[in-house]
């Protein structure tokens with residue numbers, strides 16, 4: 001992969017689209033079935049909050065409890081699929097250099113960021129403002145007439161949160177520069193994201209960490225696909241997707 | 001944390017038995033206390049809470065987990081809303097641990113978890129869908145049905161990141177009690193699931209008691 005020569009909107013060619021989302025930012029875009037999305041932590045210590053919706057039926061959305069329990073996992077990594085509340089698969093994690101992404105801690109509110117790092121103040125900070133994950137999602141959701149009620153649990157990519165026996169949680173590891181995850185989309189999906197700090201971060205300075213985004217055409221799904229064959233549950237999830245696309 | 005209640009059952013102003021596969025839908029006013037009793041043991045009570053005066057504010061599993069920095073709910077846990085306000089506090093608990101990560105069963109997720117041909121078996125989400133259809137006065141829609149609490153359900157997370165469904169640690173007569181910090185709308189599905197050990201493969205009734 002050639003490195004982008006510009007920070008923003010670098011269309012490498014008609015098969016690959018690459019851009020960079022700065023830290024403390026939010027974005028949303030439609031991703032088509034058969035597209036592959038690679039997300040890369042450029043500087044280390046990133047967090048990428050992400051939500052998924054069916055763009056044609058916006059009340060179908062990523063469901064973290066269904067995703068975790070059907071794959072008997074608390075962490076998300078290569079081989080796992082991300083499920084909607086309708087038993088369908090938005091996308092499969094086909095590659096992952098980090099190994100453990102969490103999906104239960106949600107986002108920081110403005111009050112958390114202010115307490116930990118200071119007040120968000122665009123007037124004086126401009127692009128260095130201390131944005132928070134919750135407001136970021138609210139803004140993006142409103143663009144599709146989605147409301148606060150439509151915000152369910154998100155994925156926090158590049159943030160490992162682990163539990164002890166009593167259930168106490170800690171942000172035990174974050175990604176290093178160059179860590180990447182690749183998602184293969186199994187149905188058309190509205191993807192909503194923010195690059196605001198993880199809600200359990202203990203760092204002293206607001207972490208402003210960009211993410212490189214690369215869209216490309218996914219390879220055909222092989223018979224021995226590690227996501228489809230990860231567990232019988234995922235085989236049935238792919239069958240639900242096949243029914244959803246039946247006749248197309 | 002095991003903590004017993006001092007409230008006397010005969011003084012409750014509401015006492016209602018909810019059969020497996022049915023729902024309970026009602027309001028607990030600010031300052032009131034609600035108790036859910038696992039009458040026969042090993043029964044999951046899939047529960048959602050809302051601000052009764054504005055249902056767009058509701059129980060949030062993520063905010064609750066983040067604020068207490070822990071996964072399991074028990075006596076001392078403050079349930080938070082999606083606006084990070086206090087909603088209810090667990091003031092007594094003779095079970096010791098409740099889940100809020102495992103979510104509810106739905107006919108659609110049942111196809112993935114168990115068998116495509118189990119798509120028509122009764123599920124918690126269908127009880128909630130019937131509840132919101134039968135009670136339009138509460139103004140709940142599908143988008144308001146979100147991540148719930150599974151009272152009496154044991155879903156341990158291991159240190160290496162696995163999620164396991166264990167036999168319930170509940171038993172006949174165990175209960176959990178919550179004091180409302182705001183007027184709260186309560187929606188419980190008494191879980192009808194027959195395919196996993198959350199109800200001991202034999203769903204049984206729960207009781208709801210409310211004290212002023």
Matching residues, the range B:186-212, being closer than 24 Å to residue B:141 by Cα, more than 12 Å from the chain's Cα centre (by Cα) and crowded, with 22+ Cβ neighbours inside 10 Å: B:193
Which of the residues belonging to the range B:155-187 are under 18 Å from residue B:1 (Cα atoms) and within 14 Å of chain A (Cβ to nearest Cβ)? B:155, B:156, B:157, B:169
Would you say residue A:68 is at the interface with chain B (Cβ under 10 Å from one of its Cβ atoms) and either assigned to a helix (DSSP H, G or I) or at pLDDT below 95 (or both)? yes
Which one of the conditions (1) more than 18 Å from the chain's Cα centre (by Cα); (2) surrounded by fewer than 20 Cβ atoms within 10 Å (Cβ to Cβ) does residue A:213 fail to meet, given that it meets all the rest? (1)
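If I filter the range A:107-114 for residues that are out of contact with any helix residue (DSSP H, G or I) (no Cβ under 7 Å at 6 or more places or on another chain), without any contact (Cβ under 8 Å) to a residue 24 or more places away in the chain and either within 14 Å of chain B (Cβ to nearest Cβ) or crowded, with 18+ Cβ neighbours inside 10 Å (or both), do I get at least one hit? Talk me through it step by step, then tell me what you get.
Start the filter on the range A:107-114 by keeping residues that are out of contact with any helix residue (DSSP H, G or I) (no Cβ under 7 Å at 6 or more places or on another chain), which leaves A:111-114.
Okay, now just the ones that are also without any contact (Cβ under 8 Å) to a residue 24 or more places away in the chain, so A:111, A:114.
Checking which are either within 14 Å of chain B (Cβ to nearest Cβ) or crowded, with 18+ Cβ neighbours inside 10 Å (or both) leaves us with A:111, A:114.
Yes, the conditions are met somewhere in the range A:107-114.
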Under 6 Å between Cβ atoms, at least 6 apart or on separate chains: pull out the pairs that start in the range B:92-115 with a residue that is closer than 21 Å to residue B:171 by Cβ and within 8 Å of another protein chain (Cβ to nearest Cβ) and end on any residue that is buried (at least 23 other Cβ atoms within 10 Å of the Cβ) and modelled with pLDDT of 95 or more. B:102/A:65; B:102/A:69; B:102/B:150
Check residue A:100 against each of (1) buried (at least 23 other Cβ atoms within 10 Å of the Cβ); (2) within 11 Å of chain B (Cβ to nearest Cβ); (3) over 21 Å from residue B:144 (Cα atoms); (4) within 14 Å of the chain's Cα centre (by Cα) and name the one condition it does not meet. (1)
Do we find that residue B:79 is at negative phi and within 11 Å of another protein chain (Cβ to nearest Cβ) in this structure? no
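Does residue B:70 satisfy the criteria of being within 9 Å of chain A (Cβ to nearest Cβ) and buried (at least 24 other Cβ atoms within 10 Å of the Cβ)? Write out each step before concluding.
Numbers: within 9 Å of chain A (Cβ to nearest Cβ): yes; buried (at least 24 other Cβ atoms within 10 Å of the Cβ): no.
No: the conditions fail for residue B:70.
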Residue check, residue B:129 against (1) surrounded by fewer than 24 Cβ atoms within 10 Å (Cβ to Cβ); (2) at the interface with chain A (Cβ under 8 Å from one of its Cβ atoms); (3) out of contact with any strand residue (DSSP E or B) (no Cβ under 8 Å at 6 or more places or on another chain), all met but one. Which one? (2)
Those residues that are part of a loop (DSSP other than H, G, I, E, B) and in contact with a helix residue (DSSP H, G or I) (Cβ under 8 Å, 6 or more places away or on another chain), I need them from the range B:41-56; list them, please. B:42, B:43, B:44, B:55, B:56
Regarding the range B:22-29, can at least one residue be identified that is within 22 Å of residue B:95 (Cα to Cα), within 14 Å of the chain's Cα centre (by Cα) and crowded, with 21+ Cβ neighbours inside 10 Å? yes
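Yes or no, residue by residue, for (1) more than 14 Å from every other protein chain (Cβ to nearest Cβ); (2) at positive phi; (3) free of Cβ contacts under 8 Å to residues at least 40 places away in the same chain:
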site: A:26; (1), (2), (3): yes, no, no
site: A:31; (1), (2), (3): yes, no, no
site: A:45; (1), (2), (3): yes, yes, no
site: A:56; (1), (2), (3): yes, no, no
site: A:81; (1), (2), (3): no, no, no
Quick one: would you say residue B:59 is surrounded by fewer than 24 Cβ atoms within 10 Å (Cβ to Cβ) and in contact (Cβ under 8 Å) with a residue 60 or more places away in the chain? no
Could you please let me know if residue A:85 is surrounded by fewer than 18 Cβ atoms within 10 Å (Cβ to Cβ), within 28 Å of residue A:148 (Cβ to Cβ), in contact with a helix residue (DSSP H, G or I) (Cβ under 8 Å, 6 or more places away or on another chain) and in contact (Cβ under 8 Å) with a residue 24 or more places away in the chain? no
Only unsatisfied item for residue A:178, checking (1) at negative phi; (2) more than 11 Å from every other protein chain (Cβ to nearest Cβ), is (1)
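One line per residue, one yes/no per condition, for (1) more than 10 Å from every other protein chain (Cβ to nearest Cβ); (2) within 24 Å of residue B:100 (Cβ to Cβ); (3) without any contact (Cβ under 8 Å) to a residue 60 or more places away in the chain:
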site	(1), (2), (3)
A:123	yes, no, yes
A:132	yes, yes, no
A:149	no, yes, yes
A:153	no, yes, no
A:170	no, yes, yes
A:173	yes, yes, no
Which residue out of A:50, A:30 is surrounded by 15 or more Cβ atoms within 10 Å (Cβ to Cβ), modelled with pLDDT of 95 or more and assigned to a strand (DSSP E or B)? A:50
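The values are calculated or read from the model by the stated rules, or taken from the named source; none is laboratory data. Note that the structure is a prediction, hence the values are computed from the model and not measured. Virtual Cβ from ideal backbone geometry, glycine too; neighbours counted across all protein chains shown.
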